[in-house]
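In what follows, a structure is listed as structure tokens, so that the remarks can point back to it.
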Amino acid sequence: MVSTRPTDERRGSTTVGLGTLLRAALPAVPGINLLPGIRKSGGAAGLGALAFASEPVTIERPHVSAYAQVCGFPEKDQVPLTYLHVLGFPMQLQAMADPDFPFPAIGGVHLTNTITAHRPVAIGETVEVAVRPDNLVPHVKGRTVDFVTEVSVGDEVVWEGRSTYLRRGPGSADAASGPVFDEVPASGVTWRLPGDLGRRYAAVSGDRNPIHLYPLTAKAFGFKRQIAHGMWSAARCVAALENRLPDAVTVEVAFKKPVFLPGSVAFGSKPTDTGFAFTMADPHSGAPHVQGRTSPADRPR
């Protein structure tokens, strides 16, 4: 697959700097969010002006190993399927922190994520990462926006991701509903999650949203205590299936209910006509935290 990225991308980074964190956080602070340069303009420049691309970056084993350990993947010479999301996330945050982005980064709800790997990506390969927001549309509970991530080696797109985020507000009853997934009961596999899991994942992903870090910071945003990152939950499910997935694969997930830390979750999966359906659920009630499915992806020509 050949890249069709826009030609007017800004230069972005694959690591989250302190300045980006501050610009992302300040629009959520009452009073400060009215100051020039911080106040949201409502997207007057359009989402197309918020495309970012990195310089070539070489994938290094120490970071991949740290990510794999937190998310439950075995050590290999190829990166875990979900790893490349963390290289694109800093540019998602850069776009969200821009005054032209229509709403603050903090307070968004990650609804769904889709990853397509066209081939395995090896540790040591040099890649370029591009991120752009897309598809700002009404939702029954507010508005949603997608972030599209492309990872390329030269002109070859080797990995793609699409994350959909919800900003709560006045909704539209006519908005399209989200994807529907098979119901998969938990199969008896239970994972105990420590209280510091959010901080450990933040260290390898750059996602330091306060709702994931400590009870006090989570309570400031209406949660009874800290919650696991959605992309950690997706990665942990993929890790449980990884050795049964083809090299060229698409994984779709929907995030249903938060996973409070510390806590326990149950995992279940079942074969389908195209791959696997899976769930991460409350081990007592069976209520799903994550639902997902896999299917083969066409290799690029």
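Residues of region 107-136 with the amide nitrogen closer than 14 Å to a label point 7 Å from the Cα of SER172, along Cα-to-Cβ, please.
Taking a point 7 Å out along Cα→Cβ of SER172, the residues of region 107-136 whose backbone N falls under 14 Å are 135-136.
Setting aside same-chain residues fewer than 8 positions from LYS270, which lysines have a Cα under 20 Å from its Cα?
Candidates past the 8-residue exclusion: LYS256.
What would the Debye formula give as log10 I(q)/I(0) at q = 0.14, 0.19, 0.23, 0.24 Å⁻¹ for the alpha-carbon point model of region 212-260, no solvent?
Here log10 of I(q) over I(0) equals -0.47, -0.68, -0.83, -0.87.
Determine ³J(HN,Hα), in whole Hz, for all residues of region 114-120 in sequence, where each value follows from phi through the Karplus function 6.51 cos²θ - 1.76 cosθ + 1.60 and θ = phi - 60°; x replaces Gly and Pro.
10, 10, 10, 9, 8, 6, x
So who's got an amide H within less than 5 Å of the one on GLY178, skipping anything under 5 residues away but keeping other chains? H placed 1.01 Å off N, in plane.
It is none; the list stays empty.
With point charges of +1 on the Cβ of Lys and Arg and -1 on the Cβ of Asp and Glu, referenced to the Cα centre of the chain, which listed residue (PHE221, ALA97, GLY124) lies farthest in the positive direction of the dipole?
Checked the options; the winner is PHE221.
Please state the charge dipole magnitude for region 179-301, taken about the Cα centre, from unit charges on C-beta atoms (+1 on K and R, -1 on D and E), reported in debye and rounded to the nearest 20.
Details: 15 positive and 10 negative charges, 98 e Å.
Charge dipole, region 179-301, about its Cα centre: 460 debye, nearest 20.
Could you derive backbone 3J(HN,Hα) for region 259-269 from the dihedral phi with the Karplus parameters 6.51, -1.76 and 1.60 (θ = phi - 60°), listing whole Hz in sequence and x where the residue is Gly or Pro?
Karplus-based 3J(HN,Hα) across region 259-269 equals 9, 7, 10, x, x, 10, 9, 10, 10, x, 8 Hz.
To the nearest 20 debye, what charge dipole does region 102-237 have about its Cα centre, counting +1 at the Cβ of each Lys and Arg and -1 at the Cβ of each Asp and Glu?
So the dipole magnitude of region 102-237 works out to roughly 980 debye.
Rounded, prolate or oblate: which fits region 130-192 when a ≥ b ≥ c are the square roots of the eigenvalues of the alpha-carbon gyration tensor, with rounded for a/c under 1.5 and prolate only if a/b beats b/c?
Taking the square roots of the gyration eigenvalues as a ≥ b ≥ c, region 130-192 is oblate.
Which Rg and Dmax, in Å, describe the Cα atoms of the chain?
According to the Cα coordinates of the chain, Rg and Dmax are 18.6, 54 Å.
With springs only between Cα atoms under 10 Å apart, run a GNM on the chain and tell me which of GLN94, GLN78, GLN291 wobbles the most.
Ranking GLN94, GLN78, GLN291 by mean-square fluctuation puts GLN78 first.
HN-Hα J couplings of region 187-203 from phi, Karplus 6.51/-1.76/1.60, θ = phi - 60°, integer Hz, Gly and Pro as x?
Running phi through 6.51 cos²θ - 1.76 cosθ + 1.60 with θ = phi - 60° gives 9, x, 7, 10, 10, 8, 10, x, x, 8, 4, x, 6, 5, 5, 4, 5 Hz.
About the Cα centre of the chain, how large is the charge dipole given +1 on each Lys and Arg Cβ and -1 on each Asp and Glu Cβ? Please answer in debye to the nearest 20.
On the way: 30 positive and 27 negative charges, 247 e Å.
For this selection, approximately 1180 debye.
State, to one decimal in nm², a quarter of the convex hull surface area for the C-alpha atoms of region 180-251, i.e. the direction-averaged projected area. Kindly include the intermediate steps, with their values, before the conclusion.
Values: hull surface 27.1 nm².
The directionally averaged projection comes out at 6.8 nm².
Bear in mind these aren't lab numbers, they're just calculated from the coordinates by the rules spelled out. Keep in mind the model is a prediction, meaning the values are calculated, not measured. Please note: Cβ atoms are built from the backbone with ideal geometry, for glycine as well, and neighbour counts cover all protein chains shown.
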